[in-house]
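Below is one structure; the comments refer to it alone.
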Amino acid sequence: MKTKRVLLALLAGLLVISSTGCGNGEKQTASDNGAYNIVWYNGFSPSDDNDMVFEAISQKTMEKINATVTAVPIQSADYAEKIKMLIAANEKMDLLFMSRTNGYVTLAAQKAFLPVDDLLKSHGQDILNLIPDHIFDGAKYQGKIYAVPVLKDWPHEPVLRYNTMMAEKYNFDMESVKSLADLTPMLQTIKDNEPDWLPILNRGDSPLFKLLPFENISGSSIAGFKLDDYSKIVNKFDTDEAREYFKLMRDWYQKGFIKKDAATATNDTEWYQSGKFFAAYSESLPYLEDQINLNVAEHKLTKFLHGLVPPQLGTFDVQGCMNSISALSKNPEKTMEFLNLLYTDKEIKNMVNLGIEGKHYVAVGENQYDFPEGVTKSSETGYDGVGYESMVGNRFLSRIRVGIAEDIWEKYKEFNESALVSEALGFVFDAAPVINEITALENVYSEYMPSLLVGAVDPDEVLPKALEKMKVAGIDKVLEEMNNQYQAWKANK
């Protein structure tokens, strides 16, 4: 054990994983009674009782599929880099969390995962019955399924969140807001009458630009589809919609609606803690307003303004939470059987989410839970596995925390059905042919766009410079390559 940890440290620098991830390779492959041990890497903070919980889970999986489970939590901030190191080191693993942000496409291209199309048919049929075909389309790479999406709320809905107390105080007709520009007189009222309040939150790295009708392309901050035209991929910032947005942000910035350091600010923690802002970008889910407003002071009351753009379901969304089977797995069939349990077995799914009933949580009725007496949050129980709820298996099997509406999963299913499904669902751009141009364009983005996106500079002067630099950096070549790949993908659908 010690020797293996030293070797792994030499390979991965400061790589630190929980003790459950280490040990003799033979012992990790099979237990003394012949049961296979599934090693599962995931992006969660290690908990004191992690081993205890998965020993209890293993007792259940032994009975059901003759396998045990070893979970290896890695801090989410470190997960992407460390999982690449582990794969490069041929470390023993069977199941691992994957998403668009931690290298799914790159690792799939490197054959780090097994294609699971046939495994799903032979050992994961329940998953196939639960997840619609178009969702699997969103998870494919070059026509094969290299990761199984979590059964959860898939779309995203960009919304404007606003403070209800201020809206009521000044009799704002929020239903009349059909575009960002319609907010201008309301923001002016807040600026004129509430000196301690910020009219609207905006940042260079998290802009209100997301409320415009575009679908992003993974691997590029600049390119995307217009929601009303999936015939081609465009430079989002070289459009009439973008020019109107930049002009509006400049007006707001000069009027003092947006904080002066918005272009360089990395978070809005202080403002969210105080609650003294009227509006901000957010993303909606059923009952999320209620959860935000739970046990908060009156000045923080939040409501979402819907309708600026529709709920959207694209490749970007599907690839947010998935799980892959490692190409290094010695028993992918057994691994798929375990994954299948996480979509169908309520007891095992909730043990993964919440830990051991009576110790880490208290069951309330058939579908709810609460924390043990004297405990107010999961991190105080010894097992902080709440993140597993939405990042593996079937979220809709999860017990619901007391205080949250009991029909929330039904509302989530309705939300899934309400989304505008992208015409490009399943398209994945391979940046390799133009990687140098992509890198150069991202540098141009970093130089110009944060200031433009919050109105800190004059768009009439700065936008032409930014677009010209994009041309020099190779935007035309990148768009041509993207559109060629897109047309080829459409032809082979």
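The values are calculated or read from the model by the stated rules, or taken from the named source; none is laboratory data. A quick note: this is a predicted structure, and the numbers were derived from the prediction, not measured. As a convention, Cβ positions derive from the backbone with ideal geometry for all residues, glycine included, and neighbour counts pool all protein chains shown.
Can Gly403 be described as assigned to a loop (DSSP other than H, G, I, E, B), in contact with a helix residue (DSSP H, G or I) (Cβ under 8 Å, 6 or more places away or on another chain) and not aromatic (Phe, Trp, Tyr)? Spelling it out, it is not the case that Gly403 is assigned to a loop (DSSP other than H, G, I, E, B), in contact with a helix residue (DSSP H, G or I) (Cβ under 8 Å, 6 or more places away or on another chain) and not aromatic (Phe, Trp, Tyr).
What residue, among those in the range 208-236 that are of a type in the set (D, E, K, R) and surrounded by fewer than 21 Cβ atoms within 10 Å (Cβ to Cβ), is nearest to Glu481 (Cα to Cα)? Don't jump to the end; show me each part of the working.
Start the filter on the range 208-236 by keeping residues that are of a type in the set (D, E, K, R), which leaves 210, 215, 226, 228-229, 232, 236.
Those still in the list that are surrounded by fewer than 21 Cβ atoms within 10 Å (Cβ to Cβ) too: 210, 226, 228-229, 232.
Details: Lys210: 24, Lys226: 18, Asp228: 22, Asp229: 18, Lys232: 11 Å.
Across the range 208-236, the extreme among qualifying residues is Lys232.
Out of (1) among the small types (Gly, Ala, Ser); (2) farther than 21 Å from Arg100 by Cβ; (3) out of contact with any strand residue (DSSP E or B) (no Cβ under 8 Å at 6 or more places or on another chain), what's the single condition that is false for Ala431? Just one mismatch for Ala431, condition (2).
Residue-level check: of (1) in contact with a helix residue (DSSP H, G or I) (Cβ under 9 Å, 6 or more places away or on another chain); (2) farther than 21 Å from Gly403 by Cβ; (3) surrounded by fewer than 19 Cβ atoms within 10 Å (Cβ to Cβ), Tyr287 misses just (2).
Residue-by-condition table, conditions (1) at pLDDT 95 or above; (2) in contact with a Phe, Trp or Tyr (Cβ under 7 Å, 6 or more places away or on another chain); (3) assigned to a helix (DSSP H, G or I):
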| site | (1), (2), (3) |
| --- | --- |
| Thr184 | yes, no, yes |
| Leu187 | yes, yes, yes |
| Ile190 | yes, yes, yes |
| Pro195 | yes, no, no |
| Pro199 | yes, yes, no |
| Phe209 | yes, yes, yes |
| Gly224 | yes, yes, no |
| Ile233 | yes, yes, no |
| Phe237 | yes, no, no |
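Leu180 meets all of the listed conditions (1) farther than 26 Å from Glu337 by Cβ; (2) out of contact with any Asp or Glu (no Cβ under 8 Å at 6 or more places or on another chain); (3) surrounded by 23 or more Cβ atoms within 10 Å (Cβ to Cβ); (4) not hydroxyl-bearing (Ser, Thr, Tyr) but one, namely (3). Among the residues making up the range 243-258, those that are in contact with a Pro (Cβ under 9 Å, 6 or more places away or on another chain) and either assigned to a helix (DSSP H, G or I) or surrounded by 20 or more Cβ atoms within 10 Å (Cβ to Cβ) (or both) are Arg243, Tyr245, Phe246, Lys247, Met249, Arg250, Trp252, Phe257, Ile258. Comparison of Ala71, Ala77 shows that the only residue that is part of a helix (DSSP H, G or I) and among the hydrophobic types (A, V, I, L, M, F, W, C) is Ala77. Of all the criteria given as (1) touching a Pro at 6+ places or on another chain (Cβ under 9 Å); (2) buried (at least 16 other Cβ atoms within 10 Å of the Cβ), the one not satisfied by Gln75 is (2). Looking across the range 135-152, the residues that are more than 10 Å from Pro115 (Cα to Cα) and either in a helix (DSSP H, G or I) or modelled with pLDDT under 95 (or both) come down to Ile135, Phe136, Asp137, Gly138, Ala139, Gln142. Cβ-Cβ distances below 9 Å connect the following pairs, each with a first residue in the range 242-265 that is touching a residue at least 40 places away in the same chain (Cβ under 8 Å) and in the same structural domain as Trp197 (by TED's automatic domain parsing), a second residue that is of a type in the set (Phe, Trp, Tyr) and surrounded by fewer than 20 Cβ atoms within 10 Å (Cβ to Cβ), and a separation of six or more residues or different chains: Lys259/Trp271.
Considering Val428, Val457, Val444, Val386, which residue is modelled with pLDDT of 95 or more, touching a helix residue (DSSP H, G or I) at 6+ places or on another chain (Cβ under 7 Å) and either part of a loop (DSSP other than H, G, I, E, B) or polar (S, T, N, Q) (or both)? Even if it seems obvious, please write down each step before you answer.
Details: Val428 fails: modelled with pLDDT of 95 or more; Val444 fails: either part of a loop (DSSP other than H, G, I, E, B) or polar (S, T, N, Q) (or both); Val386 fails: modelled with pLDDT of 95 or more.
After ruling out the rest, the residue left standing is Val457.
Selection over the range 215-244 of residues that are of a type outside the set (D, E, K, R) and more than 18 Å from the chain's Cα centre (by Cα) gives a count of 13.
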